[in-house]
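Reading through the structure tokens given below for one structure.
Please treat every number below as a calculation from the coordinates, not as lab data. Everything numeric here is computed off the predicted structure, so don't read it as measured data. Cβ: placed from backbone, ideal geometry, glycine included. Neighbour counts: every protein chain shown.
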Amino acid sequence: MVFYTGDPHGDVAEIVEFCRQMRLQPADTLVILGDVGANYYLNERDIYVKEPLNACGPTVLCIHGNHECRPAHVPGYVLQDWNGGQVYIQPEYPHVLFAVDGEVYTLEGREHLVIGGAYSVDKYYRLMRGFRWWEDEQPDEATKAKVEQVLAARGWQMPVVLSHTCPFKYEPVEAFLPGIDQSSVDASTERWLDTIDDRLT
């Protein structure tokens, strides 16, 4: 089976407990829709996220969020074929996979397109306090072109799109953080996702 969750930000205790209660196995897939926290500190502290995820039972497919480094920039990751696409994997954590933006994976007979990344509304807060922030947090033009080519080749039909943020029209404005000047927020990724959503059948 396939299960979906998101944004643990390094605290995976609830995910691990869920997997234990459900008795999930490697044939099951747990998708974490960004901000996993496994590639945040980029040192031994990340082990405390990767080890429990690797041992919790299912295959864990992680989508890139905006509070983590892309695995392409983290030493030790290699590309590997998986379920019709390519994923990043560290050999010591074989059950924790990181999706590549624009790749399509077949899970339980359904194609899943991945579009990770987003803009960090807390960017300046993090920079002022010396917390980590990554300039390539949003999908770049090459990624957007790849996504559009993949969808065009399929006649703009895709059963499932896995993303970290949502199209602009679906933004949960009632849940916005207070004190953030929304005019300073770069919503280009969400507005681009609007164009994707409008064309999907």
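What the table below lists for this structure:
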{"item": "So CYS69, is it buried (at least 18 other Cβ atoms within 10 Å of the Cβ) and touching a residue at least 60 places away in the same chain (Cβ under 8 Å)", "result": "yes"}
{"item": "Given (1) more than 22 Å from VAL121 (Cα to Cα); (2) in a loop (DSSP other than H, G, I, E, B); (3) of a type in the set (Asp, Glu), index of the condition GLU51 fails", "result": "(2)"}
{"item": "Matching residues in the range 129-157 - criterion: being within 24 Å of GLU108 (Cβ to Cβ) and either β-branched (Val, Ile, Thr) or touching a helix residue (DSSP H, G or I) at 6+ places or on another chain (Cβ under 6 Å) (or both)", "result": "VAL147, VAL150, TRP156"}
{"item": "The one condition in (1) in contact with a Gly (Cβ under 6 Å, 6 or more places away or on another chain); (2) in a loop (DSSP other than H, G, I, E, B) that GLY155 fails to fulfil", "result": "(1)"}
{"item": "Counted residues, the range 51-66 - those being out of contact with any His (no Cβ under 9 Å at 6 or more places or on another chain) and surrounded by fewer than 21 Cβ atoms within 10 Å (Cβ to Cβ)", "result": "2"}
{"item": "Residue in the range 147-167 that is within 20 Å of the chain's Cα centre (by Cα) and of a type in the set (Lys, Arg) present", "result": "no"}
{"item": "Output for the range 109-148, where each listed residue is of a type in the set (Asp, Glu) and touching a residue at least 40 places away in the same chain (Cβ under 8 Å)", "result": "GLU111, ASP122, ASP136, GLU137, GLU148"}
{"item": "Single condition PRO159 does not satisfy, out of (1) surrounded by 14 or more Cβ atoms within 10 Å (Cβ to Cβ); (2) touching a strand residue (DSSP E or B) at 6+ places or on another chain (Cβ under 6 Å)", "result": "(1)"}
{"item": "One residue from ASP136, ASP186, ASP194 being acidic (Asp, Glu), in a loop (DSSP other than H, G, I, E, B) and touching a Phe, Trp or Tyr at 6+ places or on another chain (Cβ under 7 Å)", "result": "ASP186"}
{"item": "The range 54-73: number of residues that are closer than 26 Å to PHE18 by Cβ and either more than 15 Å from the chain's Cα centre (by Cα) or in a helix (DSSP H, G or I) (or both)", "result": "6"}
